[in-house]
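In what follows, a single structure is set out as structure tokens and then discussed.
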Amino acid sequence: MAKRLLILGSTGSIGAQALDIVSRSEELEVVGLSAERSWETLVEQARAHGVSRIALVEVGAAARAAEAWVDGEVLSGADGLVQLVVDSGADLVLNALVGSAGLGPTVSALGEGIDLALANKESLVVGGELVTALAEATGARLIPVDSEHSALHQLIAGEEAGGGIGVARVGTVERLVLTASGGPFRGRSREELREVTPEQALAHPTWNMGGKITIDSATLMNKGLELIEAHHLFGFPYERVDVVVHPQSIVHGLVVLCDGATLAHMGYPDMRVPIAYALHYPERVELPVPALDLAELGSLTFERVDEEAFSCLALARAAASAGGTAPCILNAANEVAVHAFLAGRLPFLGIAAVIDETLEQLGSSPVHSFDSLYEADREARHVAEDAVLAHA
Ligand code: NAD
Ligand code: MG
């Protein structure tokens, strides 16, 4: 029987590639799709994949979709998105939303005991222990889509036959290594980053992705978020997760074992590989991706992160070790700052400055419930908006 799949954020970069994977397989059946506002694309996708329920978060867009598409049901607003998840009868939810808006649907899916393929790293950064505890309580599986974490998942699974996510014995695997491309500004000094434009920041050298994560890759905040993501997914303490810059994006992750061996996961940078792994897990399927030709590549290079020029990684480490609401505040301030940078309201170096000031002002509080996280997210956005004005 086909696996019933619900795709949240199907009009985005990850979402569209997931639909490409679906159309290559008899084993996946799409039962629902969602987007924020691009209703025409969403309706087109629903028609192409025989889907009868969709959700649009923007109410006006939902109304237009409902007028144009009479063959199915259109849910509307943030509540509609939750309803789409809860009533889906899905075996697997792919969360490919961007930002902390992904937390609600992550909680809904895991709360229903539905396995979750997680591209939306922000919901794990923000929700942390509460999200992994929820998955444990309901028995839902969390399968990473992020390429580095997919690589680590595969490497750890090989080491821990029969084990799953979150149960890796820290004993055998001593360290996890996340690779970072370094983004378009690798090698530049802080001074040289002062004048860079959104257009330059959006020109990623190895990956073609949505706007927000592309800016996160240019500031290296993406690696900071991924550090927190890895900590929660694999239950590893922060001091055992390293980051190394690898401009070719061929090695996606490494695990350092207790006997001096290090295992690497390699392949050309193509998100369809980790997406297909997550959607078909625990099976593997064929993909039209060329086999790696190392002789053709000739060399792979590695270097340390310049944390002086790219201070977002250090900010993420600091928020991670502070714990509590700090990672939530870090993430919210980053979303506000990236948005302002893309709109031309904040210089590139202002992104780190806004995050730093927001964290400084709000500190960290203990997290008791998801509501305290939603509240911290809201408050951090207000503080960050004021900081943007101060740095414009
Ligand atoms: P994107 O901007 O291309 O797409 C985002 C999707 O979410 C769209 O369908 C959009 O309609 C929807 N959306 C946006 N805001 C929303 C909101 N407030 N409420 C509900 N829906 C909303 O983003 P993307 O690049 O596909 O990234 C999605 C997630 O995957 C992010 O968390 C990103 O960090 C992660 N990720 C992406 C890549 C990549 O290659 N694109 C790689 C690794 C991880
Ligand atoms: Mg990644």
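Selection over region 127-154 of residues that are open to solvent by 20 Å² or more (accessible area, probe 1.4 Å) and in contact with a Gly (Cβ under 8 Å, 6 or more places away or on another chain) gives a count of 6. Each residue in region 247-269 was checked for being in contact with a Gly (Cβ under 8 Å, 6 or more places away or on another chain) and at pLDDT 95 or above, and 6 of them qualify.
Any residue at all in region 275-293 that's free of Cβ contacts under 8 Å to residues at least 40 places away in the same chain and among the aliphatic types (A, V, I, L, M)? Scanning region 275-293 turns up at least one residue that is free of Cβ contacts under 8 Å to residues at least 40 places away in the same chain and among the aliphatic types (A, V, I, L, M). Out of curiosity, is F310 over 18 Å from the mean Cα position of the chain (by Cα) and part of a helix (DSSP H, G or I)? Considered against the rule, which asks whether it is over 18 Å from the mean Cα position of the chain (by Cα) and part of a helix (DSSP H, G or I), F310 comes out as no.
Give the residues of region 212-241 that are away from ligand 2 (no atom under 14 Å from the Cβ) and in contact with a Lys or Arg (Cβ under 6 Å, 6 or more places away or on another chain), sorted by residue number. Of everything in region 212-241, just one residue is away from ligand 2 (no atom under 14 Å from the Cβ) and in contact with a Lys or Arg (Cβ under 6 Å, 6 or more places away or on another chain), namely R240.
Please go through (1) in contact with a helix residue (DSSP H, G or I) (Cβ under 7 Å, 6 or more places away or on another chain); (2) closer than 20 Å to A18 by Cβ; (3) surrounded by fewer than 18 Cβ atoms within 10 Å (Cβ to Cβ) for L56 and return the number of the only condition it doesn't satisfy. Of the numbered conditions (1) in contact with a helix residue (DSSP H, G or I) (Cβ under 7 Å, 6 or more places away or on another chain); (2) closer than 20 Å to A18 by Cβ; (3) surrounded by fewer than 18 Cβ atoms within 10 Å (Cβ to Cβ), the odd one out for L56 is (3).
All told, S147 meets the bar of being out of contact with any Lys or Arg (no Cβ under 9 Å at 6 or more places or on another chain) and within 14 Å of ligand 2 (Cβ to nearest atom). The condition of being away from ligand 2 (no atom under 14 Å from the Cβ), at pLDDT 95 or above and not in a helix (DSSP H, G or I) holds for only one of V177, V285, V244, that being V285.
For region 21-33, the condition holds for no residue, the condition being that it is within 13 Å of ligand 1 (Cβ to nearest atom) and surrounded by fewer than 24 Cβ atoms within 10 Å (Cβ to Cβ).
Mind checking whether some residue in region 118-126 is closer than 21 Å to I213 by Cα, small (G, A, S), in contact with a Ser or Thr (Cβ under 6 Å, 6 or more places away or on another chain) and surrounded by 24 or more Cβ atoms within 10 Å (Cβ to Cβ)? Steps first, please.
At the first step, the residues of region 118-126 found to be closer than 21 Å to I213 by Cα are 118-126.
Then keep just the ones that are small (G, A, S); that gives 119, 123.
Narrowing the set further to residues that are in contact with a Ser or Thr (Cβ under 6 Å, 6 or more places away or on another chain) leaves 123.
Restricting the remaining residues to those that are surrounded by 24 or more Cβ atoms within 10 Å (Cβ to Cβ) gives 123.
Checking region 118-126: at least one residue is closer than 21 Å to I213 by Cα, small (G, A, S), in contact with a Ser or Thr (Cβ under 6 Å, 6 or more places away or on another chain) and surrounded by 24 or more Cβ atoms within 10 Å (Cβ to Cβ).
Tell me, please, whether a residue that is among the acidic types (D, E), closer than 29 Å to L130 by Cβ, touching a residue at least 24 places away in the same chain (Cβ under 8 Å) and open to solvent by 40 Å² or more (accessible area, probe 1.4 Å) can be found in region 236-259. Walk me through how you get there before you give the answer.
Filtering region 236-259 for residues among the acidic types (D, E) gives 239, 242, 259.
Then keep just the ones that are closer than 29 Å to L130 by Cβ; that gives 239, 242.
Keeping just the survivors that are touching a residue at least 24 places away in the same chain (Cβ under 8 Å) gives 242.
Right, trim to open to solvent by 40 Å² or more (accessible area, probe 1.4 Å) and you get 242.
Yes, that holds for at least one residue.
Note on region 1-113: enclosed helices (runs of 4 or more DSSP H) holding 3 or more residues that are more than 16 Å from ligand 2 (Cβ to nearest atom) and closer than 30 Å to D371 by Cβ are 59-68, 77-86, 103-111.
Residues of region 156-172 include at least one that is modelled with pLDDT under 95, closer than 26 Å to P247 by Cβ and either part of a strand (DSSP E or B) or away from ligand 2 (no atom under 16 Å from the Cβ) (or both).
Of the residues that sit in region 87-106 and are β-branched (V, I, T) and open to solvent by less than 30 Å² (accessible area, probe 1.4 Å), which one is farthest from ligand 1 (Cβ to nearest atom)? So the residue we want is V93. Within region 188-211, the set of residues being assigned to a loop (DSSP other than H, G, I, E, B), away from ligand 2 (no atom under 15 Å from the Cβ) and under 20 Å from S13 (Cα atoms) comprises L202, A203.
Only residues that are in a helix (DSSP H, G or I) and more than 15 Å from ligand 1 (Cβ to nearest atom) were counted in region 247-282, giving 1.
The values are calculated or read from the model by the stated rules, or taken from the named source; none is laboratory data. These numbers were taken from a predicted model, which means no experiment stands behind them. Note: ideal-geometry Cβ built from the backbone for every residue, glycine included; neighbour counts use all protein chains shown. The area values use the complete protein model at the heavy-atom level, side chains included, leaving out ligands, DNA and RNA. Shrake-Rupley method; radii C 1.70, N 1.55, O 1.52, S 1.80 Å.
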